[in-house]
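Shown next, in structure tokens, is the structure this report addresses.
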């Protein structure tokens, strides 16, 4: 309640003060309600949200092109802000913010965590999305073998429906369920490349580990083939609930135009 | 600038304050023994998954005590700001018999840990915010630089909930982990007043003020 009051107190000054940093202004107007004024994920709306909004102070981010335990690159942050996180309350801000506003708010968000102050080491950037080695020919059977080798079933179940391991917690101690490959909305993005990225970097702040070392490049792509083969077609009623969401529309629109 | 903006001042944790310079070390030597009157852990943690590989239970390693000498306590100079440059080490962390070995270790920032899986089952080595690797059986040793100082807890999310370890990463070179005899030795300590702190995963933390004047300072600490 006090946070709400604090936000309400500064609301008039947000548009008025010309000397307020643009990034701070964009953040307070758009992000603070969930992510909190201090960037700790404890905004007034946070209590109602599952999963909880990202706590920017820890430096842990889910969707990155960097190694497990490393902070994301600026492009990673641009991507998540532009496309949002489907299946959660994080909307796609791409169509709503100018590039200048988005880049300014990224600077503001990075300031919440000291780990962004150091330059990323070369060995921390493990994926260059513009320069991925070519995807091998699809092989769902090989992917199934990888699924067995990496023991994915321990959390995701033998049928890929997830929710097997009930002890799982995310890094803030909230219970978390392993993803349901059959029907779930991929939060990191729907494309094979997105799934490949998550397998390679791990999903920060969750139990999902990085398989960069344990599985070869081809093995990870075959695993993507297998995971894609698990998708169940939507039944007639599901078309109602799976109508294109804002995130999907935004992603299409952004793909169509050059996003800097 | 609106006075209300002061309410919203972003609080960031201060960047590391330690500065390591050649020749800024000293000749002080800190020695001592960490003891406790608490009993050693005797409980057996049940193995709830992969019993064929992990067995029925593993011995708890929370409190390792022999004749009152406390093992796996990390002793360090808390908040020291100037001293010798750090030396990076090469450490290992093995997963064998479904427990981590070593259970507790300390190292300087930038040191590398070679993570190994010697078990015939998949472990995912989840070291707090530092790294989370999936390691199916047969994964080769995976080196990882520990670049951020702090206490890093290590756990396995792949169903092995009893597994735990700690890696304490320091931005300075003044730390030691006690062995079975409970003793520690920290060398090259610069002169001056320091805060000698001991940390243990179950028995807590204790700080003692000490002064170093080029010689040996012996401080025994009891954690209860």
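The values are calculated or read from the model by the stated rules, or taken from the named source; none is laboratory data. Everything quoted here is computed from the prediction, not taken from an experiment. No Cβ is skipped: glycine too gets one built from the backbone with ideal geometry, and neighbour counts run over all protein chains shown.
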For the stretch B:130-157, what are the residues that are touching a residue at least 60 places away in the same chain (Cβ under 8 Å) and within 10 Å of another protein chain (Cβ to nearest Cβ)? B:156
Filtering the stretch A:174-186 down to residues that are touching a strand residue (DSSP E or B) at 6+ places or on another chain (Cβ under 9 Å) and within 12 Å of chain B (Cβ to nearest Cβ) yields A:176
Kindly provide the set of residues from the stretch A:203-230 that are closer than 13 Å to residue A:152 by Cα and facing chain B (nearest Cβ under 9 Å), ordered by number. A:207, A:208, A:209, A:210, A:211, A:214, A:215
Would you please name the residue that is farthest from the other protein chains (Cβ to nearest Cβ), looking only at residues in the stretch A:187-202 that are touching a residue at least 60 places away in the same chain (Cβ under 8 Å) and in a loop (DSSP other than H, G, I, E, B)? A:190
So residue A:163 clears everything in (1) more than 18 Å from the chain's Cα centre (by Cα); (2) more than 10 Å from chain B (Cβ to nearest Cβ); (3) in contact (Cβ under 8 Å) with a residue 24 or more places away in the chain; (4) surrounded by 13 or more Cβ atoms within 10 Å (Cβ to Cβ) except one condition, right? Which one? (3)
Can you name every residue in the stretch A:74-132 that is part of a loop (DSSP other than H, G, I, E, B), out of contact with any strand residue (DSSP E or B) (no Cβ under 9 Å at 6 or more places or on another chain), surrounded by 15 or more Cβ atoms within 10 Å (Cβ to Cβ) and away from every other protein chain (no Cβ under 14 Å)? A:84, A:85, A:86, A:87, A:88, A:89, A:90, A:91, A:92, A:93, A:97, A:132
Residues that are loosely packed, with under 13 Cβ neighbours inside 10 Å: list the strands (runs of 3 or more DSSP E) wholly contained in the stretch B:168-224 that include at least 3 such residues. B:204-212
Take residue B:90 and tell me if it is modelled with pLDDT of 95 or more, in contact with a strand residue (DSSP E or B) (Cβ under 8 Å, 6 or more places away or on another chain), more than 11 Å from every other protein chain (Cβ to nearest Cβ) and farther than 24 Å from residue B:33 by Cα. yes
Filter the stretch A:133-186 for residues that are over 21 Å from residue A:50 (Cβ atoms) and not in a loop (DSSP other than H, G, I, E, B) and give the result. A:140, A:141, A:142, A:143, A:144, A:145, A:146, A:147, A:148, A:149, A:153, A:154
Is it true that residue B:115 is under 27 Å from residue A:173 (Cβ atoms), out of contact with any strand residue (DSSP E or B) (no Cβ under 6 Å at 6 or more places or on another chain) and within 11 Å of another protein chain (Cβ to nearest Cβ)? no
Yes or no: residue B:165 in a loop (DSSP other than H, G, I, E, B) and either facing chain A (nearest Cβ under 9 Å) or touching a residue at least 60 places away in the same chain (Cβ under 8 Å) (or both)? no
Candidates B:99, B:53, filtered to the one that is within 14 Å of chain A (Cβ to nearest Cβ) and farther than 26 Å from residue B:219 by Cα: B:53
So residue B:109 fits all but one of (1) within 14 Å of chain A (Cβ to nearest Cβ); (2) crowded, with 21+ Cβ neighbours inside 10 Å; what number is the exception? (2)
Please indicate, with yes or no, whether at least one residue in the stretch B:29-48 is at pLDDT below 90, within 14 Å of chain A (Cβ to nearest Cβ) and either out of contact with any helix residue (DSSP H, G or I) (no Cβ under 6 Å at 6 or more places or on another chain) or more than 30 Å from residue A:153 (Cβ to Cβ) (or both). no
Some residue of the stretch A:134-145 being more than 11 Å from chain B (Cβ to nearest Cβ), surrounded by 14 or more Cβ atoms within 10 Å (Cβ to Cβ) and within 27 Å of residue A:59 (Cα to Cα): no
Inside the stretch A:58-69, the number of residues satisfying the requirement of being more than 8 Å from every other protein chain (Cβ to nearest Cβ), assigned to a loop (DSSP other than H, G, I, E, B) and surrounded by fewer than 24 Cβ atoms within 10 Å (Cβ to Cβ) is 4
So which residues in the stretch A:27-39 are in contact (Cβ under 8 Å) with a residue 60 or more places away in the chain and in a loop (DSSP other than H, G, I, E, B), if there are any at all? A:31, A:38, A:39
Looking across the stretch B:117-128 at residues that are out of contact with any helix residue (DSSP H, G or I) (no Cβ under 9 Å at 6 or more places or on another chain) and surrounded by fewer than 20 Cβ atoms within 10 Å (Cβ to Cβ), the single one that is modelled with the highest pLDDT is B:118
Of all residues in the stretch A:1-28 being away from every other protein chain (no Cβ under 12 Å) and over 21 Å from the mean Cα position of the chain (by Cα), the one that is modelled with the highest pLDDT: A:22
